[in-house]
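These notes are about the structure you will find just below.
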Protein chains: 2
Amino acid sequence: MKSYKNMSKEELLALKLELEKAYEDAKGKGLNLNMARGKPSAAQLNTVTPLLSALQEDADAVTESGIDCRNYGEMTGIPEAKKLMGDMIGVPAENVIVCGNASLSIMYDTISRSMTFGVNGSTPWAKLDSVKFLCPVPGYDRHFAITELFGIEMINIPMTESGPDMELVKKYVENDEAVKGIWCVPKYSNPQGITYSDDTVRAFASLKPAAKDFRIFWDNAYAVHDLYEEHQDTLLEILSECEKNGNPNMVYEFCSTSKVSYAGAGIAAVASSKENLEWMKKTMTIQTIGYDKMNQLRHVRYYKDIHGIQEQMKKHAALLRPKFEAVLEILDRELTGLEIGTWVKPNGGYFISFDAMEGCAKEIVKKCKEAGVILTGAGATYPYGKDPKDSNIRIAPSFPTPEEMAEATNIFVLCVKLASVEKLLATKA
Amino acid sequence: MKSYKNMSKEELLALKLELEKAYEDAKGKGLNLNMARGKPSAAQLNTVTPLLSALQEDADAVTESGIDCRNYGEMTGIPEAKKLMGDMIGVPAENVIVCGNASLSIMYDTISRSMTFGVNGSTPWAKLDSVKFLCPVPGYDRHFAITELFGIEMINIPMTESGPDMELVKKYVENDEAVKGIWCVPKYSNPQGITYSDDTVRAFASLKPAAKDFRIFWDNAYAVHDLYEEHQDTLLEILSECEKNGNPNMVYEFCSTSKVSYAGAGIAAVASSKENLEWMKKTMTIQTIGYDKMNQLRHVRYYKDIHGIQEQMKKHAALLRPKFEAVLEILDRELTGLEIGTWVKPNGGYFISFDAMEGCAKEIVKKCKEAGVILTGAGATYPYGKDPKDSNIRIAPSFPTPEEMAEATNIFVLCVKLASVEKLLATKA
C-alpha cells in the first residue's frame, strides 16, 4: 500500500472523499462498542467458578498451621497465600505481605505512607520542597493519578523496546535527590506489552540513587499473563538483583490475581526486603487488624500452587488470543505501509498500544466515539493526561467478543485513516 | 461482706496471708487463659457457615441490577449491601459506602485523608500547627493508636453512665478551633458497654463547632450486638439528628459485620452526608477501583435483610451470655461490698469494664499474668496507654468457654483482692 505521506494533495483529497463516505456509513450503523476497559470478559470469569465453592465447611476455614481465617489476626496474610503470590513473581514467601483485593490500594497506601511518615525513617515526603517521580511513557493512568493526587511532580521517561530509557533514568535518579520513585510495569507493560530486558532490570538494580529513600515501584501486574505458550516473555527477578547489587531496599513489587481469578475479588500482595516490610508493618498494624484471609485461603485451596495458576492462565489466554488477533490482523491488513501509525504485537498483558501520526490521537478517539466505538481517552497513558505528541492510543481487547473487536477495529482503522488524511492535508494547505 | 477500706492493719495482714496462699495455689495450677481478646469464639463463627456457600454458580455473582460482582467497578459498593448496612445502623442506603473487610481501615483512611487533603476543602490537618481529638475514656485502644500515629493531640473526656461528659465536649468543640474530632463508640461502648442516651446524642447533634472541619467519628461497632432480647439498649440515629440541627456534615458513622459474620472476613461501611461522601470519593476513586463486591453480595444473599442479621445476633447472644454471666456472677459474689472495684453490667457489646482502686490496675494485670491469666494491658483503654488513675481493666469474655471464663475470673478476683490489700497496707505503712 502506498504511504499517505507520499501522496499528492489531489490523491489525499480523493481518498478523503472515499473515507468520509465509509465513515458516514459506519456512523449510520448505530454501533455501541467499547475498547476502553482493561477488564476480563464474563467468559473469562466463568473459567474461575470452582473458586466460589473452595470453602464450604467450618473446617475448611483453618489453615495448615491452624489459623482460623474467619477470625482476626495474621495481618501480613496466611503463609500459604504468601507462598502462592511469591511463586507468581518468583520471590520467597518471607518477602511477601498479602493484602486485600487490589494492588492499586497497596500502591496508594505505600505512597501515602511515604508522604506522611517517610521511608524507613527518612523525612516524610510531604515535608520536602520537591518530590519527583519518573514515569515511563506511555504508562498506566492509575499510577499517574496517585502521584498527581499527592502533588508529586511527574517526569516523562520514553519507553524503548527493552523498557524505559535507562540512560535517562540513571541521570535523574543518580543526580536529583528529589527523585523518589519510578512507576514500572515491567512485564507486558501497560499499554505497550513490552517486557523489560535483562539488561534493563540489571540497570535498575545497579542504580546508585542520590536519594536514600528512592524506590522502584515495580507493578508486576501481568507476571503470568502470557497470550502464547510458545512465545512467553521472561522477566529477571528484581529483588534478588537489587540485593546482589547492594540495593536490597530499592524495590517495592506489587502483584495481584485481579486478572487471574476475579477482577473485583482477587487477592493482592506486596513483595520487598524484610527491612522495607518492617517499615510498612509499623503503620499497617495501626491501619488494619488484618486483610480478608478467607479470600486468601479460597485462592490457595482452588489454585493449590503456581501450576494451578498457570493452568488458569492458559484458559484466559485461549479466550483473549482471538481478540488480540482480531485487532492485530486488521491493523496489519489495513494500515501496513501507510505510515500513519505504529503498534506493537504483545506476547501478553491486556493492551495493544497504537501510536498515530503526531497530533492525531484526540481526533481519532473523537471520531471513533461519534461512530459508536469508545476508546480510552487520548492522553490517558501520560502523566497529567498530556501526551506531548498527541499520538498514543490504548486499545483494550479483553471485554468485547472477537466479533465485536473486529467490528470496532474496522471503525478504528477508518478513523485513523481519515484523521491522518485530514492532518496531512492541513499541513499541505 | 466487709469493706476492705474499713479493715484495720491487722485484719488486712491476716487477709493478705490468706490471699497469698490462695494465689500460690492458683499459680501452681499452670493455667493458660486469655481474657484479653475481643474476638468471637469458634462456636460463634460456626453459626455463620451457610455464608460460605451463598455464592456457588456464575449466575449467583450478578446483582439484581445486573452488576457482575466478579469484575471491576461499583466503587461505592453494590446497592443491596448499602441497604443492608444502612438498615443495620438506621440510615438510608444513599448515605452509605460499603468498603472492604474492616471499619478500622475506613477510619484510618478518613483520618489519613483529612491530614493530607483536608475535609471538604479545608486546610489539610497536617498543615495546621495543632490538631486535637477528644477521646471519651475509657475507650478503644485502636482508635487512639490511629490518632497517635498521625501526631494528633488527644484529650481525655470522662465517660458518664449516659455517654461522654457533654459539658466538657461542648466546651472544647465550641471554643477550640484545633479540636477536629471526637472518637465515639455510641452503643455498648468499648469497654464499658454504655449506650449514649438520647440527650447525649442530641447534645452532639446541636454542637456549634469552632472548626468547620470538626467531625464526630461515630464508630457504631455494636449496633446490633445485644446480649438480651428483653433488655436492648436503643441509640438515637445521629445523622438525621445532625441534619435537623443544621449540622448535616458533622458525622462520619462506621459499622461492620466483623462481629456479625466473620471477624476477619466481614464487610464494613461508612455512612455520612452526601457532601461528605462526595469528598471521600474524590480520593477513594484514586485509591481503589472498588472493594470486594463478591463478599458484599455473599453477605446480602445469606442475611437477605436486617431480620437475617437480627436472627444471627440471637445466636451470637446465646453463646456470649453465659460467658458474660460467668464473669458478672463471680464479680458480684466475690467483690460486692468490698469497695475495691466497680463494674458495669452491659446489655450488649463485647466487654466488661472493671475499675479497680486507684493505682492497682497494672498490679492486678501483672498478678493475673503470673497466674496464667492474660488480660488486656492496663492503660490500653486510655490515649497514649496512660490511665491517669491506673484503675481501668478491660475484660473480654467472648473467646474462652464459659468454664474457662469462670476459672479465669476466679483468678482475677483473687488478684484484685490481693493487689487491693497490698495497696491499702502500703498507704497505712
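Remarks
- Neighbourhood charge, 9 Å Cβ-Cβ cut-off, centred on residue A:396 and excluding it, Lys, Arg +1 and Asp, Glu -1: +3
- For segment A:241-290, the solvent-accessible area with a 1.4 angstrom probe is 28 square angstrom per residue.
- Residue among B:193, B:66, B:28 with the largest mean-square fluctuation in a Gaussian network model of chain B, springs linking Cα atoms under 10 Å: B:66
- If a spin label sat at a point 7 angstrom from the Cα of residue A:155 along the line to its beta carbon, the backbone N atoms of segment A:194-225 nearer than 16 Å would be those of A:204, A:207-217.
- Only protein heavy atoms count here; on that basis, with a 1.4 Å probe, residue B:1 has an accessible area of about 140 Å².
- Within straight-line cross-link reach of residue B:39, lysines at Cα separation under 18 Å, skipping those fewer than 8 residues along the same chain: A:293, B:187, B:259, B:314, B:315, B:323
- Percent carbon-and-sulfur accessible area, segment A:117-235, ignoring ligands, DNA and RNA, probe 1.4 Å: 43
- Surrounding net charge for residue B:273, when Lys and Arg each add one and Asp and Glu each subtract one, Cβ distance under 12 Å: -3
- Across the cross-link table entries B:83/B:282; B:16/B:367; A:127/B:212; B:9/B:386; B:29/B:369; A:16/A:423, which are compared at the Cα atoms, the separations over 20 Å belong to B:83/B:282; A:127/B:212; B:9/B:386.
- Net charge dipole, segment A:194-244: roughly 500 debye, given to the nearest 20, about the Cα centre with Cβ charges of +1 for Lys and Arg and -1 for Asp and Glu.
- Neighbours of residue A:80 by Cβ distance under 9 Å: Lys/Arg scored +1, Asp/Glu scored -1, total +2.
- Ascending list, in nanometres, of distances separating the residue A:121 label from those of the other copies (7 Å, Cα toward Cβ): 4.4
- For segment B:193-295: span of alpha carbons on each principal axis (Å, largest first): 40, 40, 17
- Heavy atoms of residue A:307: accessible area, 1.4 Å probe, square angstrom to 10: 110
- Kyte-Doolittle at least -0.5, axis length at least 24 Å by Cα - qualifying DSSP helices, chain A: A:306-335, A:402-428
- Surface composition of segment B:253-336: carbon and sulfur make up 54 percent of the accessible area, probe 1.4 Å.
- Cβ neighbours within 10 Å from other chains - mean over B:70-76: 6
- Sequence of B:301, A:298 when ordered by accessible area, the most exposed leading, probe 1.4 angstrom: B:301, A:298
- Between segment A:278-300 and segment B:221-245, the alpha-carbon centres lie 31 Å apart.
- Sorted largest first, extent of chain B alpha carbons per principal axis (Å): 76, 54, 35
- Antiparallel %, DSSP beta bridges [both residues in chain A], to 5: 50
- Plainly put, the tip 7 Å out from Cα toward Cβ on residue B:170 is 7.0 nm from that tip on each other copy, the closest given first.
- Sites counted here are GluC sites (Glu not before Pro) in a DSSP loop (not H, G, I, E or B) having no more than 11 other Cβ atoms within 10 Å; the longest part of chain B that contains none of them is B:231-429.
- Among the residues of B:280-293, the average count of other protein chain beta-carbon atoms within 10 Å of the residue beta-carbon is 5.
- Top of A:30, A:348, A:163 by mean-square fluctuation, Gaussian network on chain A, Cα under 10 Å: A:30
- Pairwise burial B:A, computed as accessible area of each alone minus the pair, summed, 1.4 Å, Å²: 4400
- Modelled spin labels at residue A:278 and residue B:285, positioned 7 Å past Cα toward Cβ, are 4.1 nm from each other.
- Ordering A:405, B:75 by accessible surface, largest first, gives B:75, A:405; the 1.4 Å probe counts only protein heavy atoms, with every chain in place.
- Taking all protein chains as they are arranged and a probe of 1.4 Å, the heavy atoms of residue B:53 leave approximately 50 Å² accessible to solvent.
- Among beta bridges that DSSP assigns inside the protein assembly as shown, antiparallel share in %, nearest 5: 50
- 13 Å Cα-Cα reach of residue A:428 towards aspartates and glutamates, excluding residues that sit fewer than 8 places from it in its own chain: A:10, A:11
- For residue A:157, the residues whose modelled amide H falls within less than 5 Å of its own, excluding neighbours fewer than 5 places apart on the same chain, are A:135, A:137.
- Cross-link partners of residue A:170 among aspartates and glutamates, defined as those whose alpha carbon lies under 15 angstrom from its own and excluding same-chain residues fewer than eight positions apart: A:199.
- With the convex hull constructed from alpha-carbon coordinates only, the protein assembly as shown shows a mean projected area of 39.4 nm² over all directions.
- Other-copy label distances relative to residue B:285, 7 angstrom Cα-Cβ extension, nm: 3.7
- Start at zero, step by 10 Å, and the Cα-Cα distances of segment A:293-375 spread as 14, 32, 25, 16, 13, 1 percent across the bins.
- Assuming charge only on the beta carbon of Lys and Arg (+1) and of Asp and Glu (-1), the dipole of the protein assembly as shown about its Cα centre is about 840 debye to the nearest 20.
- Whole-Å distance, taken between Cα centres, linking segment B:379-394 and segment A:128-201: 48
- Note on residue B:307 and residue A:46: the model spin-label points, each 7 Å out from Cα along the C-beta direction, lie 3.6 nm apart.
The values are calculated or read from the model by the stated rules, or taken from the named source; none is laboratory data. What you see is a predicted model, and the numbers here were worked out from it, not measured in a lab. Here Cβ is always computed from backbone atoms with ideal geometry, including for glycine, and neighbour counts include all displayed protein chains. Surface areas here come from the heavy atoms of the whole protein model, side chains and all, with no ligands, DNA or RNA. Shrake-Rupley method; radii C 1.70, N 1.55, O 1.52, S 1.80 Å.
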